[in-house]
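S.K.: The following block contains the structure, expressed as structure tokens.
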Amino acid sequence: MNSKQVVLITGSSTGFGRLFTETLARKGHTVFATMRDPAGRNAKNASEIRAVAEKDSLPIHVLELDVTDDASVERAVDAAVAKAGAIDVAINNAGYSLTGLAEAVTTEQAQRLMNTNFLGPVRVNRAVLPHMRRQRSGTLIHISSAAGRIVVPAMGFYCASKFALEALAESYSYELAAQGIESVIVEPGQYETPVFGNMVTAADETRTNTYGPVKEIPAKINAALSSTAGNAEEVADAVLRIIETPAGEKQLRYLVSPQSFGVDEINALTKRVQANMLEAFGLAADTRFLKGKAVGSGQTLS
């Protein structure tokens, strides 16, 4: 694979996505920074990104992409491939947090959250994978969270969305390995991004108010996360390192966090358990990344 890659990033208007865009482009990677409504609600953010690209001659292209809309995802991916000829890396970054007691979260709120945080990556991956499979190479990067491995009170639905994403991303890693495509999970801890200011709160206050002192847990969690937040550039630097790691040498999971909370221990144990499961089902060879070797259909990885 060419050392300079074509990268499509969702949720690039602010936060991690914005940092990924600039960090990767400054290293020479061609970046398609995607976001909802770059001519409207995100016009200022899109303009700022274009201005930086023009000022510093960075290979950044802004595209409209709404991860909750199949047609929007397909249009953006088709436009990126038409312009660059390929997509080497897709970074599923778009997402948001929902806080509040689980009973107070409405079904509509839960559906919206999963539609973005979980089904969004499903749509993006379905759009980019046919291109990656034709070129027999590529990387799917899923921006999960430490909350994709541990459960935080008053963040149950957010954790559930990230747990679901991690399960799917790991399944992709097994199913796509023999085709030369890697699936990677990045688990950021608490970092200073607009996510804290953009949290959605459980809507059913009537139910919240029946919980007595427990109803204060969401505020305590939010305060604790905000007070210990690290420099988000650490996550962008980690993503850059992952992208520049040679094919076949990437890990499945990367914890990037000021504090571990034991997530690294969970990951180490899970790795052993999953390896044993694959061996027990006779799937270890089928799910191994076969760099440069013949695979099931007799084709050779390029």
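Throughout, read-outs are computed from the coordinates displayed, never taken from laboratory work. Everything numeric in this text was worked out from a predicted model, so none of it was measured. FYI the Cβ positions are ideal-geometry reconstructions off the backbone, even for glycines, and counts take in every protein chain you see.
S.K.: When a/c reaches 1.5 or more, the comparison of a/b and b/c decides; with that in mind, is region 1-151 rounded, prolate or oblate per its Cα gyration tensor?
M.R.: Prolate is the answer for region 1-151, as a/c is 1.5 or above and a/b outweighs b/c.
S.K.: My understanding is that a pair violates if its Cα-Cα distance is over 23 Å; which of Lys4/Lys271; Lys27/Lys55; Lys27/Lys250 do that in this structure?
M.R.: Lys4/Lys271
S.K.: OK, next. Give the distance, in whole Å, between the Cα centre of region 239-261 and the Cα centre of region 101-152.
M.R.: Using only Cα atoms, the two centres lie 18 Å from each other.
S.K.: Turning to a different aspect of this structure: Residue separation times 0.36 nm, minus the C-alpha to C-alpha distance between Ala268 and Glu216: what's the value?
M.R.: The span from Ala268 to Glu216 would gain 15.3 nm if fully extended.
S.K.: State the extension gain, in nm to one decimal, for the chain segment bounded by Arg288 and Arg41, taking 0.36 nm per residue of separation less the distance between their alpha-carbons.
M.R.: 84.6 nm
S.K.: Students often get this wrong, so try it: which of [x] 22.2; [y] 19.0; [z] 20.0 is Kirkwood radius over Cα pairs in Å as calculated from the structure shown?
M.R.: Here the calculated entry is [z].
S.K.: Could you work out how far apart the two model spin labels at Ala82 and Glu54 are, taking each label as a point 7 Å from the Cα in the direction of the beta carbon, and quote it in nm?
M.R.: For the pair Ala82/Glu54, the computed spacing is 2.3 nm.
S.K.: Another question, if that's okay. When the Cα centres of region 12-50 and region 156-171 are compared, how far apart do they sit, in Å?
M.R.: Centre-to-centre distance over Cα atoms comes out at 25 Å.
S.K.: According to the square roots a ≥ b ≥ c of the eigenvalues of the Cα gyration tensor, what is the shape class of region 1-78, taking rounded for a/c under 1.5, prolate for a/b larger than b/c otherwise, and oblate for the remainder?
M.R.: Note, shape of region 1-78 comes out oblate.
S.K.: Compute the Cα gyration tensor for region 159-252, then decide on rounded, prolate or oblate, letting a ≥ b ≥ c be the square roots of its eigenvalues: rounded whenever a/c is under 1.5, prolate when a/b is larger than b/c in the other cases, and oblate in all that remain.
M.R.: Cα axes put region 159-252 in the oblate bin.
S.K.: According to a simple spin-label model (label point 7 Å from Cα along Cα-to-Cβ), what is the distance in nm between Thr68 and Arg133?
M.R.: 2.9 nm
S.K.: Right, something else. So how do 84-95, 255-266, 119-130 stack up, highest first, on mean other-Cβ count within 10 Å?
M.R.: For the peptides 84-95, 255-266, 119-130, the packing ranking is 84-95, 119-130, 255-266.
S.K.: Distance in nm between label sites at Ala167 and Asp204, each 7 Å beyond Cα in the beta-carbon direction?
M.R.: 2.3 nm
S.K.: In addition: When the chain is fully extended, how far beyond the present Cα-Cα distance does Leu278 get from Thr106, taking 0.36 nm per residue of separation?
M.R.: Full-extension gain reported as 58.1 nm.
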